[in-house]
1. State whether one or more residues within segment 91-106 are of a type in the set (K, R) and in contact (Cβ under 8 Å) with a residue 12 or more places away in the chain.
2. So the check is Cβ under 7 Å with 6+ separation or different chains; which pairs have a first residue in segment 217-232 that's under 17 Å from S255 (Cβ atoms) and assigned by TED's automatic domain parsing to the domain that holds P206 and a second one that's crowded, with 16+ Cβ neighbours inside 10 Å and aromatic (F, W, Y)?
3. If you go through segment 228-240 one residue at a time, do you hit one that is under 23 Å from F200 (Cβ atoms) and surrounded by 15 or more Cβ atoms within 10 Å (Cβ to Cβ)?
4. Given the criteria more than 30 Å from Y266 (Cα to Cα) and among the polar types (S, T, N, Q), does S202 qualify?
5. From the list L34, L16, pick out the single residue that is at pLDDT below 85 and not in a loop (DSSP other than H, G, I, E, B).
6. State all residues of segment 68-112 that are of a type in the set (D, E, K, R) and outside any helix (DSSP H, G or I); if no residue qualifies, say none.
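The values are calculated or read from the model by the stated rules, or taken from the named source; none is laboratory data. All figures in this text were calculated on a predicted structure; none of them were measured in a lab. Cβ coordinates were reconstructed from backbone atoms using ideal geometry, including for glycine residues, and neighbour counts include every protein chain displayed.
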Amino acid sequence: MTLQKFLGSVSILFVLFLTIPAGAQDYFAPHNILKFADYLYRQGDYRRSAAEYQRYLITVGANDSVFYSAALAYKMARNLTAAETYFSEIPREFGGSPLLSRAYLQMGFLWVVRDARRRMASFKKVRLAELNPVSTRQALQTIFGVPFLIHYQFARAGTYYHSLNAPGFSPQEIPFVRKFETLAAEGAKIKEKNPWAAGFLSAIVPGLGRFYVGRPGDGLYSMLFIGISGFSAYRGFARQGIQSGRGWILGGLTSALYLGNVYGSYLSAKIMNQKRKDDFRTQVILQLDLWHSAHRLDDPVR
């Protein structure tokens, strides 16, 4: 593994050497640091790329495109805290930057992904209404309702997206607004199964709780298997009385199966509820990813 890292470093330095004119191989010159950072980013070495962008900023000073590139590298490296910090420097230090709108979109996306609802609420209260251009403001409004869906607050999500789905809203955002509104309506129709009810039903009739949670195959299997086992135990006792070894063995097995089926029905209801929530959340995240792709937020600016 050490040899691979060494060879990788040598190849990077070789490429960097070829990109720099003869007589100018000052590897620590700011423009060469920047070239190296860009090269690392293109190679997918996002963590080291972010470190090189940071080194450039320390060496040269503030630069909006480098701040953005560093933030993007941190984002791709899944260091979302650092990414948000660097993106936030652009509106703070470069109010007139052409990257301002993209920085706001990146920040909003990270707030949604990180579930930073307090930051979103503060931003909506203080800055969102005055944010220009309008397309950027409406793009952020489109995703700021996603936390309602993620936390299964379907009524609030439906009301929020219904208010956005109106004439005058950005044509680019309307398909996403409508999809999120549809998801809110679908989410409201999700009915959870009561685990205690599932367990109680299986306690009355083995397997009935499995039917209740929507697993009729398991319910039928439990009903037949426990019924046959219990009947066999009964026959053993009926023939040989309390001395029946077969009766005690099958009776013990039936009791274990019965109790296991009661608990299994309870557990099946909980698992089914969680699966439905996970499936719904997957649909929401998929739409959020499509929004992210539509705005090309992973595209480098350098």
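1. Just the residues of segment 91-106 that are of a type in the set (K, R), to begin with: 92, 102.
Restricting the remaining residues to those that are in contact (Cβ under 8 Å) with a residue 12 or more places away in the chain gives 102.
Yes; the residues of segment 91-106 include at least one that is of a type in the set (K, R) and in contact (Cβ under 8 Å) with a residue 12 or more places away in the chain.
2. I226/Y258
3. Within segment 228-240 (the criterion being under 23 Å from F200 (Cβ atoms) and surrounded by 15 or more Cβ atoms within 10 Å (Cβ to Cβ)), the answer is yes, since at least one residue qualifies.
4. On the way: more than 30 Å from Y266 (Cα to Cα): no; among the polar types (S, T, N, Q): yes.
Considered against the rule, which asks whether it is more than 30 Å from Y266 (Cα to Cα) and among the polar types (S, T, N, Q), S202 comes out as no.
5. L16
6. Passing the criteria: only R78.
Conditions (1) in contact with a strand residue (DSSP E or B) (Cβ under 6 Å, 6 or more places away or on another chain); (2) surrounded by fewer than 14 Cβ atoms within 10 Å (Cβ to Cβ); (3) farther than 30 Å from G145 by Cβ, marked per residue:
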site: E186; (1), (2), (3): no, yes, no
site: N194; (1), (2), (3): no, no, no
site: L201; (1), (2), (3): no, no, yes
site: F211; (1), (2), (3): no, no, yes
site: R215; (1), (2), (3): no, no, yes
site: F225; (1), (2), (3): no, no, yes
site: Q243; (1), (2), (3): no, yes, yes
site: S265; (1), (2), (3): no, no, yes
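Residue by residue, here is whether (1) surrounded by fewer than 16 Cβ atoms within 10 Å (Cβ to Cβ); (2) among the acidic types (D, E); (3) touching a Gly at 6+ places or on another chain (Cβ under 7 Å); (4) not assigned by TED's automatic domain parsing to the domain that holds P91 holds:
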| site | (1), (2), (3), (4) |
| --- | --- |
| R118 | yes, no, no, yes |
| A129 | yes, no, no, yes |
| N132 | yes, no, no, yes |
| A157 | no, no, yes, yes |
| V177 | no, no, no, yes |
